[in-house]
Amino acid sequence: MASASGIRQRDYARQYEYLVLTLTPADSLPLAHQRLREHAEYGKWELERSLLYIGGGRQYWLRRRIFRVERTV
């Protein structure tokens, strides 16, 4: 008979961590793309959402999966 304490449940609400990049209208589009590429390549971030404001500012939401290591011993 299995005890209730032996069952592990994952918290599915916290599977990702987020990073928000905000760029001003003075920043160029190639600079924005370069920053996104660097975060994606070296930090394993993926683009979830982007927003372009009326004044020319940009905001990007990046996310990456949280890997939790469970103890095996």
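Every number here is computed from the coordinates shown, using simple stated rules; none is lab data. Remember, it's a predicted structure, so these values are computed and weren't measured experimentally. Here Cβ is always computed from backbone atoms with ideal geometry, including for glycine, and neighbour counts include all displayed protein chains.
Based on Cα contacts under 8 Å between residues 6+ apart, segment 13-65 shows a relative contact order of 52 percent.
Taken along the Cα-to-beta-carbon direction at a fixed 7 Å, the label points for Glu41 and Ile66 span 2.9 nm.
Name the shape class, rounded, prolate or oblate, that the alpha-carbon gyration tensor gives for segment 13-65, where a ≥ b ≥ c are the square roots of its eigenvalues, rounded holds for a/c under 1.5, and otherwise prolate holds if a/b is larger than b/c and oblate otherwise. Cα axes put segment 13-65 in the oblate bin.
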